[in-house]
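Inspection log for the structure reproduced underneath, given as structure tokens.
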Amino acid sequence: MRILIKNIKQLISPVNEDYAIFSDFKRLNVYHNVSILVNNGVIDEIVNEPAPELDVDGVINAKNQVVMPAFVDPHTHLVFAGTREDEFNMRIQGKTYMEIAKKGGGINSTVKETRQAGEEELFFTAKKNMQKMIEHGVATFEIKSGYGLNTETELKQLRVIERLKQSFPVDIKATFLGAHEVPPEYRNNKEKYIDIVINEMLPAVKEQGIAEYCDIFCEEGVFNIEESRRILNKAKEMGFQLRLHADELTPLGGAELAAEVGAKSADHLVYISDSGIDAMVSKNVVFIMLPGTSFFLMSEKYAPAKKIAEKGGIIALSTDFNPGSSYTHSMQMIITLACLKMGLTIEQAINAATINAAYSLDLHHKTGSIHKGKQADLIFLNIPSYKFLVYNYGVNHITTVLKKGIVIFQK
Ligand SMILES: [Zn+2]
């Protein structure tokens, strides 16, 4: 099955097939007036227009739009019940975290609702959110559990992720995040909860084979370095790959731990230390940055992206989509924030939202750039040039999303 995608005004792609650092991070391949030949869902060739007479089975007209690799979102909490718009409204009026928690807000409210929700209800809501993210240009996802904080509900969330994998023609990687928080019933006995995570949850998740990664919220007042190390090493022993929520609120040393345990990524990193940066760079751990979270929490503190880029770190971007600290479906908004708040260039932000994000999920051989042999995971944008993706901000420019050469969304 050969398909020709024709009338592409501007085609852009990361230069690299695996990940982009240093000067390559600042570059993109830019082609003008080209077609793409797709063979069985895989990119075959970029052809200058007018394209020669080709024997193809179908033609997709890009109508003089910009075409680029579909976004990869490597950090989402997509499966949950309930939303927290009232808490948001309190927060923008200056109420403190403690005041909000007293009124029943915070992560525990999502945990409570997710525990109570049936699997069908969770699946229905997750489907709606995933569809909206696809409409905003994402065709590859990472999704975490972490709103169950008991074995039954963590497994329920992971089953929903499994059903999403079967329901949508996109790539999805699942992450077990049982150590997202200490649940209220174990607030005074964290040791017992860690025991449950290690000896009950991890084996159950392993047995069912429904998560590729294990993640943890390594933070002061949640899981400290020693506790995180214990859980992560156990997960690694059982064959999970590792990710971390690290150094989001304090410079605890989560980045150094990520390098030590050989994690695939450490995420947030707002307060990362210089030694943490060096440690992660030396071990090729991906720096996943979530500027939407700082923005949504009204913080002026962002991860030090420019410094990390100068040291050769692999930087990726993500929405952190969740009902508490970052309720956005839009990677386009995140790219804009990465430029305006963290000082990335447009080209760096695009590399971070495509190839580097794909690398953090071990999917760079399939997606994240336009190279021969990769899946034709593409988005069409109704803008005059790729720079309008950031310049014309707060707007959804996506008109078409292709996964493996098949149209999965069209406006
Ligand atoms: Zn998160």
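Condition check ((1) under 25 Å from Asp267 (Cα atoms); (2) without any contact (Cβ under 8 Å) to a residue 24 or more places away in the chain; (3) in a loop (DSSP other than H, G, I, E, B)) across all residues:
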{"site": "Glu99", "(1), (2), (3)": "no, yes, no"}
{"site": "Ser109", "(1), (2), (3)": "yes, no, no"}
{"site": "Glu113", "(1), (2), (3)": "no, no, no"}
{"site": "Glu142", "(1), (2), (3)": "yes, no, no"}
{"site": "Lys165", "(1), (2), (3)": "yes, yes, no"}
{"site": "Pro169", "(1), (2), (3)": "no, no, yes"}
{"site": "Leu177", "(1), (2), (3)": "yes, no, no"}
{"site": "Ile194", "(1), (2), (3)": "yes, no, no"}
Please verify whether the stretch 150-161 includes one or more residues that are in a helix (DSSP H, G or I), more than 16 Å from the ligand (Cβ to nearest atom), under 29 Å from Thr400 (Cβ atoms) and touching a residue at least 60 places away in the same chain (Cβ under 8 Å).
yes
Tell me which residues, restricted to the stretch 303-329, are within 16 Å of the ligand (Cβ to nearest atom) and in contact with a strand residue (DSSP E or B) (Cβ under 9 Å, 6 or more places away or on another chain).
Ala303, Ala316, Leu317, Ser318, Thr319, Asp320, Phe321, Asn322, His329
Mind telling me which of the residues Leu232, Leu252, Leu242 ends up being closer than 23 Å to Ile210 by Cα, in contact with an Asp or Glu (Cβ under 8 Å, 6 or more places away or on another chain) and in the same structural domain as Ser299 (by TED's automatic domain parsing)?
Leu242
Within the stretch 251-286, restricting to residues that are of a type in the set (Val, Ile, Thr) and in contact with a helix residue (DSSP H, G or I) (Cβ under 7 Å, 6 or more places away or on another chain), the one that is nearest to Ile314 (Cα to Cα) is Val286
How about the stretch 328-362: which of its residues are touching a Lys or Arg at 6+ places or on another chain (Cβ under 8 Å), in contact (Cβ under 8 Å) with a residue 40 or more places away in the chain and either surrounded by fewer than 24 Cβ atoms within 10 Å (Cβ to Cβ) or closer than 24 Å to Tyr97 by Cβ (or both)?
His329, Met342, Thr345, Ile346, Glu347, Asp362
Only one residue in Met130, Met201 is among the aliphatic types (A, V, I, L, M), in contact with a Leu (Cβ under 9 Å, 6 or more places away or on another chain), within 20 Å of Glu237 (Cβ to Cβ) and surrounded by 18 or more Cβ atoms within 10 Å (Cβ to Cβ), so which one is that?
Met201
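Residue-wise test of (1) among the aliphatic types (A, V, I, L, M); (2) within 16 Å of the ligand (Cβ to nearest atom); (3) under 16 Å from Gly405 (Cβ atoms); (4) in a strand (DSSP E or B).
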position: Ile5; (1), (2), (3), (4): yes, no, yes, yes
position: Ile8; (1), (2), (3), (4): yes, no, yes, yes
position: Ala20; (1), (2), (3), (4): yes, no, no, no
position: Val30; (1), (2), (3), (4): yes, no, no, yes
position: Ile43; (1), (2), (3), (4): yes, no, yes, yes
position: Pro52; (1), (2), (3), (4): no, no, no, no
position: Ile60; (1), (2), (3), (4): yes, no, yes, yes
position: Asn64; (1), (2), (3), (4): no, no, no, yes
position: Val79; (1), (2), (3), (4): yes, yes, no, no
Quick check: is even one residue across the stretch 363-370 more than 20 Å from Val401 (Cβ to Cβ) and at pLDDT 95 or above?
yes
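The values are calculated or read from the model by the stated rules, or taken from the named source; none is laboratory data. Since this is a predicted model, take the numbers as computed values, not measurements. All Cβ positions, glycine included, derive from the backbone under ideal geometry; neighbour counts span all protein chains shown.
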